[in-house]
Amino acid sequence: MTIPGKLGPVLSALDAERGRGRAGEALATFLLLAAIAGAPWFLSEAALNDLSQAILFGLFATSFNIVFKYSGLLSFGHAAFFGIAAYGEALLLEAFPAVPVPLLVLAAAAGAGLLGLLLGHVCVRRAGAYFSMTTLAIGAFFYTVAFKWHAVTGGTDGLSTFMPTALVLLPGWLLASPSIAQTYELSVVFLIPVALAARLVLERSSFGNAVQMIRQNEERAAFLGYDTHRVKLGNYGLAAFVAGTAGALWAIVNGFVSTDSIDLTLSTTVIIMTFIGGSQWFWGPLLGSIIYVFGSDRLSAFTPHWQLWMGLVFILLVLVFPRGVAGLPGMLFGKLIGGRDG
Amino acid sequence: MDDAPLLALHSISKSFGAGPVLNDLSLSIKRGERRGLIGPNGAGKTTLINIITGKYRPDAGRIQYGGQDIALLPPHRRNHLGIGRSFQILSLFGEATVGENIRGALLRKHGLGTMPYRRLHRLNHIFAESEQVAALVGLLPVLTKRVDTLPYGLQRRLDIALVLAQEPELLILDEPAAGLSAAETRDLIDLLQTIISERALILVEHDMDVVYALADRITVLDYGRVLTEGTPAEVNADPAVRRIYLGEAH
Amino acid sequence: MSAHLLSLIAAGGLDTLTYWCLAFLIASGLTVVFGMLGFLNVAHTSFYMLAGYIALSITAGTGSFWLALLLAPLLVVVLGLAAERLLFRHLYVAGHTPQLLLTIGLAYVIGEATQMIWGDDALSVAPPTGLGGHVVILGATLPVYHLFVIAITLGLVALLAALVGGTRLGMVVRAAATHPQMVDALGFKLRRVHTLVFLIGLYLAAIAGVIMTPMIGVYPGMADDALIQAFIVVVAGGLGSLAGAFAVAGLLGLVQGFGSVFFADYAMFFPFIVLAGVLLVRPLGLFGARSGR
């Protein structure tokens, strides 16, 4: 990209502050995503199973961070979008086994996104504690629905018989009895574009810029003419869509959906994952999820209560990084990682 | 110059529980007019500004801008109509650079503020314009500095720059000289005299040098009402005004 | 009035009062801590749960429910103090979000520790001898234990009201709620007052935890379930408003007590309906702060 005339130094200087090591960032992103995409070739099946879980929860945690890092709002009931999309996908697969799965995933995700816009209209009006509590109540409400509506959701027993014998990827292209590697790659095919697109919007577009301006100083943004409610709502809807994508894929990868896809524990777990990886970077939550899932696997060999240790690590991280910024990598590698916020 | 008022307030009242902050206040500004707004602390100046710009709704009365009733419009819509406002207590985007701050204001002006698909670094003309605005207020040397690292005087300039960048029809400056030294204030007066040009201006200030230098007419507020209105000379000579400011009995 | 109707009212009324008491015991600490300290203690109901489990162990070990009622809440308060000293203290300057996050972590850890110590299964406790029977009021057969719950709540609330209203320390606490800077300027350690209020809130929730064990037992999810209820009471009542928590707890009690007669199947949804209803009329809760515009 050539930059005309004397704008060159202005442009690169303007972006220098935020884009420190832009090339480095791009390389790191590429390596991360390439490693994720190529995982089936160098991981054992057990490890791939774990990673399969980790990347979907990582995408979900990323969606939480979309609201937390960029809008500065802590969503306490985010599992609602994940769970509703998961249940939705299960029901869609059962009802429409012949429709290409990618379409069904997009449908479930879009449904979650729309719900996000509807609910967000109520939630994002308020800030801080009010927002967190309203989202908690909404999350709890949907959990209660999932719990009680046995006929549709199976209650605590969940849904387990919705997987078709063969997944339709495209008309004519079937995947009979898909292996772990195959469902994994299916997730990756969605994860990478969705995550990259979200990142592009939030970091490089004027919409993302507006979201961040509003986080820093909502009043001034409004007086400069920004419709702050609409912008916050749009961000929330985006987050809901991304969470929905993760949830829909989860139904396929896991083959089973129950109330633990929508409960408060899940909403809490993604907060912990986000902070373990660090909320400062877009890919922090994904990393945090990988650390959490693999850590739990390794730790569970030593103790059945690895979650206790994860919780303690989380507490330690909050004490060291009160704004959740740099996470475990930040704590371990300190200055190496750098970045704007300390 | 069109004689119909640009901004017209009729019988505005507002209270916040204890007592009325604004009491049956009427005011009108013509296009291109420069109005100073002065009065002792607590007279209701900032509340009036907040009502004009949409932060508060009046309990009673009407507000019209360009002939249109704007009482129900939220702040961002009033901004679209051409009302721009600076802040008495600095209100900036502290974590961003000076250039990014100005860019944010410009993007919105050009209607490009919330495009999810428009890549920021493709918008060269915005970058060029933000450079120009920065140069205009003397902030070019610190274009790439983070705002919360700047000294107060420069932050003040940025606060004003953000309003100016959007080229509003009605420019409202709320104590732009607050906290500035005498030298900085003189610089500010020079700056404002060059850039206000044809805009309408409402200037809230305690520093009378600034008011006399910039205002055609002055409105004096006291206890939420208009005490008097007139040219700077008239107001300066008015014994009632002297009384509320200097406590001189006459 | 028919006898049947009377007995229904009696049963519903007792249910209402019981629910009211328990909901208020749990939510009062949460809302007051938010009002005075500014942050949401998500771990609040974790302490409530912990009290229930500890009470279970004490009862099983010593055979005395009364000993459990005496000791378990005190133990929980000690743990709460430890948490305050070791953890919360460091984040007073960091702002509300870090404190909220810390409480999330604490809730998580307490939940896991509880499962580690007591296991995953739901456990139950029989009411203490003497309180296990039934009494007939207005034709309805009602559990004596519920009357006990109401009595102990009223007793505690009365005691607290007397302390806060009648003692010098109570006066300082009241002042600290509305004029913290003044209290600070007058030389009282505001930090200590806050800690005291925090611990009282925990104590009340712990009492609730103990007295609920013969009613619902103890189980791993009880902190989450109670948290949702408590949040609804706090939000609908108005964040920081004790009066609001009192009112909404009563409202929920009413809906639960009489609603479950007709709509037992949907009892789980009642709190949400109440919340939505209240927020529609008063977006900031019944006695929430008014926003000026």
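Every read-out reported here was derived from the displayed coordinates using simple, explicitly stated rules and does not represent laboratory data. These numbers were taken from a predicted model, which means no experiment stands behind them. No Cβ is skipped: glycine too gets one built from the backbone with ideal geometry, and neighbour counts run over all protein chains shown.
A few remarks follow.
- Annotation: aspartates and glutamates with alpha-carbon distance below 17 angstrom to C:K189 (same-chain offsets under eight excluded): C:E84.
- Stretchable slack from C:L74 to C:H134, in nm (0.36 nm times residue separation minus alpha-carbon distance): 18.6 nm
- Chain B, relative contact order in percent, only Cα pairs under 8 angstrom and at least six apart counted: 27 percent
- Rounded to the nearest 20, the size of the Cβ-charge dipole of chain C about its Cα centre is 1140 debye, with Lys and Arg at +1 and Asp and Glu at -1.
- Remark: for residue pairs A:K69/B:K145; B:K30/B:K109; A:K232/B:K145; B:K45/B:K109; A:K69/B:K45; B:K30/B:K55, the C-alpha separation exceeds 31 Å in A:K69/B:K45.
- Global geometry of the stretch A:40-116, whether rounded, prolate or oblate, following the gyration tensor of its Cα atoms and the 1.5 cut on a/c: oblate
- Most fluctuating residue given options A:F223, A:F141, A:F294, as computed from a GNM of chain A linking Cα atoms under 10 Å: A:F223
- Test item: C:226-239 mean partner chain Cβ contacts at 10 Å: 3
- The stretch A:265-301 residues near the modelled A:V320 label - backbone nitrogen below 13 Å, point 7 Å along Cα→Cβ: A:276-278
- Selection among C:Q99, C:F270, C:A151 by position relative to the dipole of chain C gives C:Q99 as farthest towards the positive end (Cβ unit charges, Cα centre).
- Contact order normalised by residue count of the stretch A:26-147, Cα under 8 Å, 6+ apart, percent: 30 percent
- For chain A: relative contact order, % (alpha-carbon pairs under 8 angstrom, 6 or more apart): 30 percent
- Top of C:L202, C:L239, C:L74 by mean-square fluctuation, Gaussian network on chain C, Cα under 10 Å: C:L74
- Options C:V261, A:L170, A:F141, ranked by Cα towards positive dipole end of the protein assembly as shown, top entry (Cβ charges): A:F141
- Two-site FRET efficiency, A:L299 against B:Y223, from Cβ-Cβ distance with R₀ of 56 Å, rounded to 0.05: 0.20
- Exposure proxy order (Cβ contacts within 10 Å, fewest to most) of A:Y143, C:Y203: C:Y203, A:Y143
- Most mobile listed residue (A:L74, A:L249, A:L169) in chain A, GNM with C-alpha springs under 10 Å: A:L169
- Nearest-ten-degree value, helix A:22-38 long axis tilted from longest Cα axis of chain A: 10 degrees
- Computed from the C-beta positions of A:H150 and A:A35 and an R0 of 45 Å, the FRET efficiency is 0.60 to the nearest 0.05.
- The dipole here belongs to the stretch C:31-181: it is taken about the Cα centre, uses +1 on the Cβ of Lys and Arg and -1 on the Cβ of Asp and Glu, and is about 540 debye.
- Degrees, to the nearest 10: C:168-178 long Cα axis against longest axis of chain C: 80 degrees
- Global geometry of the protein assembly as shown, whether rounded, prolate or oblate, following the gyration tensor of its Cα atoms and the 1.5 cut on a/c: oblate
- Applying 1/(1 + (r/R0)^6) with r as the Cβ-Cβ distance of C:L6 and C:A151 and R0 = 25 angstrom yields a FRET efficiency of 0.65.
- Principal axis dimensions, chain A - Cα atoms, whole angstrom, descending: 61, 46, 45
- Tensor-based shape of the stretch B:80-141 (alpha-carbon gyration tensor, a/c under 1.5 rounded, otherwise prolate or oblate): oblate
- Residue by residue along B:105-115, Cβ atoms of other protein chains within 10 Å of the local Cβ number 6 on average.
- Shielding of B:68-80 by partner chains, average beta-carbon count, 10 Å: 3
- Each Lys and Arg adds +1 at its Cβ and each Asp and Glu adds -1 at its Cβ; summed about the Cα centre, chain B shows a dipole of about 940 debye.
- Taking the charge dipole of the stretch B:1-90 about its Cα centre, with +1 at Lys and Arg Cβ atoms and -1 at Asp and Glu Cβ atoms, the residue from B:L27, B:I70, B:A60 reaching farthest to the positive side is B:I70.
- Order of B:S11, A:S289 under a 10 Å beta carbon neighbour criterion, fewest first: B:S11, A:S289
- Label-to-label distance for A:Q182 and C:A185 is 7.5 nm, based on points extended 7 Å past Cα in the beta-carbon direction.
- Normalised by residue count, chain C yields a Cα convex hull volume of 153 Å³ per residue.
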